[in-house]
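Worksheet: one structure, shown below.
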Amino acid sequence: MSVTTIPAGHYGTADLVRSEWTKLRTVRSTLWTLGMTVFVGLAASGIATGVTRAHWATMPAGNRAAFDPIEVSLTGAYLGGTLLLGILGILVMSSEYATGTIRATLATAPRRPMVLAAKVLVLGVAALVVAEFTAFASFLLGQEFLTSPARSDTLSSPGALRAVTGIGLYLCVVGLLALGIAVLVRHTAGAISVYVGLILVLPIMAGALPGSLQHQVLRLLPVEIGETLINNPGPGAFAPWTGLVIMCGYAVLALAAGAVFLVRRDA
Amino acid sequence: MAGPPVPTLSAMTFIEAQHLTKRYGEKVAVDDLSFTVRPGIVTGFLGPNGSGKSTTMRMIMGLDYPTGGRVTVNGKQYHDLDWPLREIGALLEAKAIHPGRSARAHLRMLAEANRIPPRRVGEVLELVGLASVAGQRAGKFSLGMAQRLGMAAALLGDPGVLICDEPVNGLDPDGIRWVRNLLKGLAAEGRTVFVSSHLMSEMALTADEVVVIGRGRFLAQQPVAELTARSAARFVRVRSPQLDRLRAAPDEHGAETDLEDGALTVRGMDREAIGDLAASLPVTLHELAAETASLEEAFMELTEQSIEYQGADR
């Protein structure tokens, strides 16, 4: 009866990765989000460094001394990437629940953790490639704009390579954290609310805490870890790579909790 | 009432539910349901809206977990299937497609997950008549087209078992005929076809056998013809210019009569007996018609009992 011969063994992560990659690249919103990440990073870097260069002569000496060519060229990539790759991470999961394709997905692969693993791999690689490209391009573009007498850096300047590679990694991890949140929350709007709350609202609430406690809480928040990675550490911040490891911990926690929920709940 | 153990078929394609139960909190959606769906025929899954058909189908597909009992496909629980799409295809909700994805991309991502060769995508698109719109975004599809795409997805892995939840809902007459013929054709190829509907008239035309449920409970599993024949609503309609002379006669034979719209309805006697009776009187007959109950009536009778039973339970 069968038109095709049935392969030996059973479906595996490689099959699901291929399927997830097709899903990612055959929907416009995904490609649009990835493209916007690059665009926002480059545009923000170009504008910020261009404006700085134009006003360099009239800038107060204190501002000139505090000026950091690394931070200025990466802020746009960092903020834009946090928002856009976070939304991408959410959509990868929540759009399946919104459209009902999750049931088709889980019917092809009832071993649900394998489905989540495939999503993590595909989203992780796509986000990492785009984020690293954005970080490097934004940095290099920004330094091009910062002509003399404005100060500029190169990739071999102290901390530059660490900042550029580090923020790329951070953006990839933040996308995976968002994916974990979406597995738990399922609804697009709900997941975005939780994610934005984590990124934007928690720091504001932490800011209301008294002195030393404030710093102890703030340094654990994604926004502080991200700022540290682009060379703008707050008081009492963790070292850049320590912060990144903490971020990875959050993402692993969210994804592990997501995997448990995905397996236990009806689809 | 658990009923006798359901016989197990082997080396064939089939679906088997054993004491399947699903509770959502206090609400019992599926209640101790046991049945077997055999290959080679279309088996209808009949029940009013909200009777647990969709829940049962989601449990067959491993999407919802049973609270009790189990359901297997070809003897395996869904979770343990090696290549699910190659064993069972399902059309659960037609509109469960990402509106931004093309029909071809939708099928390709499903095919890849179960290592189904890409050429199969083209084949099923051709089969359901969507080849010319394969590159269009599925969000633009009419319900009928979406239903065809859902059917293409179900057939992608050339599975031996096919389940469809209300496949003709919202379709135009052409679409309905298409689904009906497709399902019958697939069953004729030796596949197991399980199709739910709340439309009894549709089941009468499509299904060979029906599993009837009400309030999540098993009510009956039997050939469509048998279900209809069993109905107590069966009667013979008699028209005659001399009805007055005929009217009292069947009573003497233990049958019930009723006068409706100038015709006599007789329950408890068949056409032959009434004809003979009329000839012996003698009475001229203008009409002597056996009315078999429609599947709908038979079904209403069954489900009314289940509702009364449930009501008395409280």
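Laboratory data are not the source of any read-out in this text; all were calculated from the coordinates shown. Since this is a predicted model, take the numbers as computed values, not measurements. Neighbour counts run over all protein chains shown; Cβ positions are idealised from the backbone, glycine included.
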Hey, can you list the DSSP H helices of chain A whose Cα span along the axis is 15 Å or longer and whose average Kyte-Doolittle score is at least 0.0? A:28-55, A:69-99, A:112-145, A:160-185, A:240-264
Cβ neighbours within 10 Å, averaged per peptide: list B:132-140, B:85-93 in order, most packed at the top. B:85-93, B:132-140
Regarding region A:13-264, what are the three Cα extents along the principal axes, ordered largest first, in Å? 64, 42, 28
What order do you get for B:Val236, A:Val125 when you list them from fewest to most C-beta neighbours inside 10 Å? A:Val125, B:Val236
Strictly over 20 Å apart at the Cα level, which of B:Lys140/B:Lys184; B:Lys27/B:Lys76; A:Lys119/B:Lys95; B:Lys53/B:Lys95; B:Lys95/B:Lys140 would you flag in this model? B:Lys140/B:Lys184; B:Lys27/B:Lys76; A:Lys119/B:Lys95
With 10 angstrom as the radius, rank A:His215, B:His253 by how many other C-beta atoms surround their C-beta, starting from the fewest. B:His253, A:His215
Within 10 Å of each Cβ in B:110-122, the average number of Cβ atoms from other chains: 6
Shielding of A:7-13 by partner chains, average beta-carbon count, 10 Å: 4
Cα gyration tensor shape for region A:95-224, rounded if a/c is under 1.5, else prolate or oblate: oblate
So how much slack lies between B:Ala225 and B:Ala263, counting 0.36 nm per residue of separation and subtracting their Cα-Cα distance, in nm? 11.0 nm
For region B:161-204, what does the equivalent ellipsoid look like in terms of its semi-axes, each the square root of 5 times an eigenvalue of the Cα gyration tensor, given largest first in whole Å? 17, 12, 9
A chain fully extended from A:Thr154 to A:Leu121 at 0.36 nm per residue, minus the present Cα-Cα distance, gains in nm 8.7 nm
Using Cβ counts within 10 Å as a stand-in for footprinting exposure, how do A:Trp32, A:Trp21 rank, fewest first? A:Trp32, A:Trp21
So, with points 7 Å from each Cα along the Cβ direction, the A:Ile6-B:His286 label distance in nm works out to 6.4 nm
Tell me the relative contact order for chain A as a rounded percent, counting alpha carbon contacts under 8 Å between residues six or more apart. 24 percent
Can you give me the relative contact order of chain B as a percent, contacts being Cα pairs under 8 Å and 6 or more apart? 20 percent
Could you tell me whether region B:103-262 comes out rounded, prolate or oblate from its Cα gyration tensor? Rule is a ≥ b ≥ c as square roots of the eigenvalues, rounded for a/c under 1.5, then prolate if a/b exceeds b/c, otherwise oblate. prolate
Across B:Arg217, B:Arg101, B:Arg271, the residue with the highest GNM fluctuation in chain B (Cα network, 10 Å cutoff) is B:Arg271
Of all the C-alpha pairs in region B:235-291, what % are more than 18 Å from each other? 14 percent
Identify which of B:Leu143, B:Leu277, B:Leu162 has the largest mean-square fluctuation in a Gaussian network model of chain B, with springs joining Cα atoms closer than 10 Å. B:Leu277
How high is the FRET efficiency from A:His187 to A:Asn63, r the C-beta distance, R0 51 Å, rounded to 0.05? 0.70
Against the longest principal axis of chain B, how steep is helix B:143-155, in degrees 0 to 90 to the nearest 10, with axes from Cα atoms? 70 degrees
Estimated D of the protein assembly as shown in µm² per second, where Rh is the Kirkwood radius over Cα pairs and Stokes-Einstein applies at 10 °C, 1.306 mPa s: 56 µm²/s
Treat each spin label as a single point 7 Å out from the Cα along the C-beta direction, and report the B:Ala131 to A:Leu31 distance in nm. 2.6 nm
Over all residues in B:204-217, what is the mean tally of Cβ atoms on other chains that come within 10 Å of each residue's Cβ? 0
Among A:Ala182, A:Ala208, A:Ala54, whose mean-square fluctuation peaks in a Gaussian network model of chain A (Cα, cutoff 10 Å)? A:Ala208
Using only Cα positions of chain B, each an equal point scatterer, no hydration layer, compute I(q)/I(0) via Debye at q = 0.07, 0.08, 0.09, 0.15 Å⁻¹ and quote the log10 values to two decimals. -0.37, -0.47, -0.56, -1.13
